[in-house]
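The structure under discussion appears below in the form of structure tokens.
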């Protein structure tokens, strides 16, 4: 019986890691924040390379109280932001960009400023219980990557 449980666990663990590997994350970043600001935003490009639809439902970070999926859009000539509590659907084969002035991760309750040149670990959560780890590169407040001259 114990051997059967071990085999079942291995099959489930392998299936979960294979499924989450179907989501490819590129160019994950956030803007640096000044001291005293307790909110930031996360941006990245998500590629669903699998054959099944996936729904990004949120994320967790040990350096923030909460992370939600938000969308900014222009309504009646003004920019409005709203939470997407149902998550963000990624159809099979679809690429979705989280970018300023559009879809993004709203990171709330920062435990300290996000400093340019650092990275912060973030775990994306999907509706089927899968997770995907990534690192946010912290860029200059204008969103540019630090350029070094030698």
Which listed residue, of 84, 110, 98, is within 19 Å of residue 27 (Cα to Cα) and surrounded by 16 or more Cβ atoms within 10 Å (Cβ to Cβ): 98
Test result for residue 97, out of contact with any helix residue (DSSP H, G or I) (no Cβ under 7 Å at 6 or more places or on another chain), more than 30 Å from residue 52 (Cα to Cα) and either at pLDDT 95 or above or part of a loop (DSSP other than H, G, I, E, B) (or both): no
Number of the condition not met by residue 115 [criteria: (1) at pLDDT 95 or above; (2) buried (at least 16 other Cβ atoms within 10 Å of the Cβ)]: (2)
Of all residues in the range 15-33 being surrounded by fewer than 17 Cβ atoms within 10 Å (Cβ to Cβ) and modelled with pLDDT under 95, the one that is farthest from the chain's Cα centre (by Cα): 15
Selected residue [part of a strand (DSSP E or B), in contact with a strand residue (DSSP E or B) (Cβ under 9 Å, 6 or more places away or on another chain), on the phi < 0 side of the Ramachandran plot and without any contact (Cβ under 8 Å) to a residue 40 or more places away in the chain] from 69, 138, 107: 69
Set 121, 92: member being surrounded by 12 or more Cβ atoms within 10 Å (Cβ to Cβ) and assigned to a strand (DSSP E or B): 121
Failed condition for residue 45, given (1) out of contact with any helix residue (DSSP H, G or I) (no Cβ under 7 Å at 6 or more places or on another chain); (2) in contact (Cβ under 8 Å) with a residue 60 or more places away in the chain: (2)
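The values are calculated or read from the model by the stated rules, or taken from the named source; none is laboratory data. A quick note: this is a predicted structure, and the numbers were derived from the prediction, not measured. Note: ideal-geometry Cβ built from the backbone for every residue, glycine included; neighbour counts use all protein chains shown.
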